[in-house]
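Just so it is clear, none of the values below were taken in a lab; they were calculated from the coordinates. Please read all numbers here as calculations on a predicted model, not as lab measurements. For neighbour counting, all protein chains shown are included, and Cβ atoms are generated from backbone atoms with ideal geometry for every residue, glycine included.
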Amino acid sequence: MNWYGNWALFRRECQRFLRVWLQTLGAPLISAMLYFAIFGAALGQRIGDAGHGFSYLQFLVPGLAAMGIIQHAFQNTSSSLIQMKYLGMLQADLLALPLNPAQIVLAFTAAAMVRGALVGIGILAISRLFVEFTIADPPLLIGSALIMAAIFGLVGLLTGIWAKNFDQVALVGNFILTPMVYLGGVFFANSMLPAGWQKAPLLNPIFYLVDLFRRGLLGAGQTPPEGALIAVSLVMAALFIVAMLLFRLGWRLKS
Amino acid sequence: MTPALTIVGLAKRYQNGADALQGVDLEVGRGEFFAILGPNGAGKSTLINIVAQVVTKSSGHVTVFGLSIDKHPQRTRMLLGFTPQEIALDPFFSVREVLRHHSGYYGITDNRAWIDELLERLDLAPHADKNSKALSGGMRRRLTIAKALAHKPRLLILDEPTAGVDVALRHSLWAFVRELHRNGTTIILTTHYIEEAQELAERVAILRAGQVAACDRTNALLASFGYRRFAIELRAAVPFPAGFASGSTEAQGRRIVGEFAVGRGQEFFSWLGGIADKVVDLRIDQPRLEDVFLHLTGKQT
Ligand SMILES: Nc1ncnc2c1ncn2[C@@H]1O[C@H](COP(=O)(O)OP(=O)(O)OP(=O)(O)O)[C@@H](O)[C@H]1O
Ligand SMILES: [Mg+2]
């Protein structure tokens, strides 16, 4: 097994985003600060308590970090693949390489996890300047962050495989991912919703990921963590297998 | 010994219905220098891309050094180096970085010495730290060749490696490829410069509309070729010979250029005898691979 080849592809995928770190790592930190400015200075006081004795800003911290992780893991894989398609790099720089489909998916996913983790750590660190919090359950926090990054790295990879151009990637980002993230418990607890809508987020898979991550940071969540952990791990495995099969088939990659 | 490449009954129909290959059989021996020729759209790139596993085949079998590409996709990829016809380079990296990454994909942890040699031999050393975006077309072409060579493959497959490369660098490129060939690398290339193929390749295949129109040793193709080009300068106009030759008259009939069929040489020479008193100059040329090519692909002038 060519494990060094695997590492080389992973390293390339990491270097691609590190080369443009201002855009890939700097931008999410700026937007996190903006959210804190808006919610902290302007709106936070009026929203009041978010349940379990946490202030709204404390509640918001893991939400924003989770959002950053999700969006940037997705972007890393989807933009890399669509750029390779656009530039015609797929043949010599991916399909001809002596790596099996599992190795390719692994390298892309791992790079997305690195970017997601860096963004997540950055946002948590910046948040600490605005809000008091301690990490309640580090293993759960790290584990859920990595699963979250892996899942959306894989979703990005599938999007990149499927998409024929940048517009189609943007379409998935703007019309599917962003609404699901915004409605997935980043900005509000279910108890803050009108009575009839409190169960609605339970239909949103992102809600469980964000909730697990929030439980890792704050020590309290809205759903039982055990079932959610199993479910998201299964989703991650399923996405991995689908991506692997698509690479094996060459679907939308090989003519 | 198993051949470097064996292709049996290879067919390819693209999704849009284009039949790019229609039952191709080819065998390239170890250590051969093999050229694939053919007009635009003949299926050369399709064939190469299938061997490199970047395009799927519709049917047929391909083995590389005895290993089936279906059963051993990774091992066969490891054995060959490939440049696609379309150049595409990663805009994030410098020339040297591109080669470092490419070595890594093949499991090579430290390839500095070979990368330096590749840069030197392909005249890329002065550009080693430039971003690949900042290279000229010919430099980009040479970088794709360096990539294909990063892991010292036993089989090197080049799709139009000299398109867009200037004359001097083309010669140095061929000197390098010849050296690789002398050291045992099997070389397969496509080119539209047919004189290049005649000079370099020991064997050629000519593709036409997805089928092999001819495949033989370059010498044998030339020797068995049944036409000779001629040019005659005349003192006075004579009508163009009918039947046994084709071509045209120029300079108000005082110059005739064309080809005659070797099999009808008798008719040609007795016609020539008849006009001998008007002939100022006569030239009959050695056949060129280009003539063979034009006849086989039905485009002779
Ligand atoms: N991706 C594709 N989708 C559909 N048809 C294709 C595709 N690539 C090639 N073809 C068709 O397959 C045939 C063979 O093309 P190919 O590129 O293999 O020819 P070629 O011999 O390499 O030509 P050239 O000398 O122009 O490079 C052509 O008819 C072409 O239109
Ligand atoms: Mg071609």
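General remarks:
- Taking other C-beta atoms within 10 Å as the exposure proxy, B:87, B:188, A:121 rank A:121, B:87, B:188 from fewest upward.
- Against the empirical 2.2 N^0.38 Å (N residues), the range B:5-222 has a Cα radius of gyration ratio of 0.99.
- Centre-to-centre separation between the Cα atoms of the range B:1-17 and those of the range A:1-70: 49 Å.
- The three principal axes of the Cα atoms in the range B:225-297 give end-to-end lengths of 35, 24, 19 Å, sorted in falling order.
- Convex hull volume of the C-alpha atoms in the range B:43-125, normalised per residue: 127 Å³.
- In this label model, residue B:86 and residue B:8 are separated by 3.3 nm, measuring between points 7 Å along each Cα→Cβ vector.
- Pairs of lysines in chain B whose Cα atoms sit within less than 30 Å of one another amount to 22, provided the residues are eight or more positions apart or on different chains.
- Nearest 10 degrees, 0 to 90: helix A:225-249 Cα axis against chain A principal axis: 20
- Prolate/oblate/rounded call for the range A:22-124, Cα gyration tensor, a/c under 1.5 rounded: prolate
- Bins of 5 Å from zero: percent of alpha-carbon pairs in the range B:146-301: 2, 8, 15, 16, 14, 12, 10, 8, 7, 5, 3, 1, 0
- Take each residue in A:79-86, count the other chain C-beta atoms within 10 Å of its C-beta, and the mean is 1.
- Scalar couplings 3J(HN,Hα) for the range B:75-88, obtained by applying the Karplus form with A = 6.51, B = -1.76, C = 1.60 to θ = phi - 60°, are 5, 5, 5, 5, 7, 10, x, 9, 10, x, 5, 7, 7, 9 Hz; x denotes Gly and Pro.
- Over all other residues within a Cβ to Cβ distance under 15 Å of residue B:2, the charged ones net out to +2, with Lys and Arg as +1 and Asp and Glu as -1.
- C-alpha long axis of helix A:27-36 to longest principal axis of chain A, angle in °: 10
- Inter-chain neighbour count for A:8-14: the average number of beta-carbon atoms from partner chains within 10 Å of each residue's beta-carbon is 4.
- Against the empirical curve 2.2 N^0.38 Å, the C-alpha radius of gyration of the protein assembly as shown lands at a ratio of 1.31.
- GNM flexibility winner over chain A from A:182, A:86, A:56 (Cα, springs under 10 Å): A:86
- Contact order normalised by residue count of the range B:225-297, Cα under 8 Å, 6+ apart, percent: 42
- Once the C-beta distance of residue B:257 and residue B:222 is scaled by a Förster radius of 22 Å, the resulting FRET efficiency is 0.65 to the nearest 0.05.
- With coordinates expressed along the principal axes, the C-alpha atoms belonging to the range A:139-255 extend over 51, 29, 20 Å, beginning with the largest.
- Amide H within-cut-off set for residue B:213, under 5 Å, with H built and near neighbours excluded: B:206, B:207, B:208
- Scaled against 2.2 N^0.38 Å for its residue count N, the alpha carbon radius of gyration of chain A is 1.03.
- Global geometry of the range B:217-263, whether rounded, prolate or oblate, following the gyration tensor of its Cα atoms and the 1.5 cut on a/c: prolate
- Beta bridges per DSSP, both residues in chain B: antiparallel share near 70 percent.
- For the range B:226-301, trypsin sites (Lys or Arg not before Pro) are listed when DSSP marks them as loop and at most 13 other Cβ atoms sit within 10 Å of their Cβ; the list is B:235, B:299.
- A Förster radius of 22 Å, combined with the Cβ-Cβ distance separating residue A:11 from residue B:179, puts the computed FRET efficiency at roughly 0.10.
- FRET efficiency, 1/(1 + (r/R0)^6) with R0 45 Å, evaluated for residue B:117 and residue A:230 via beta carbons: 0.25
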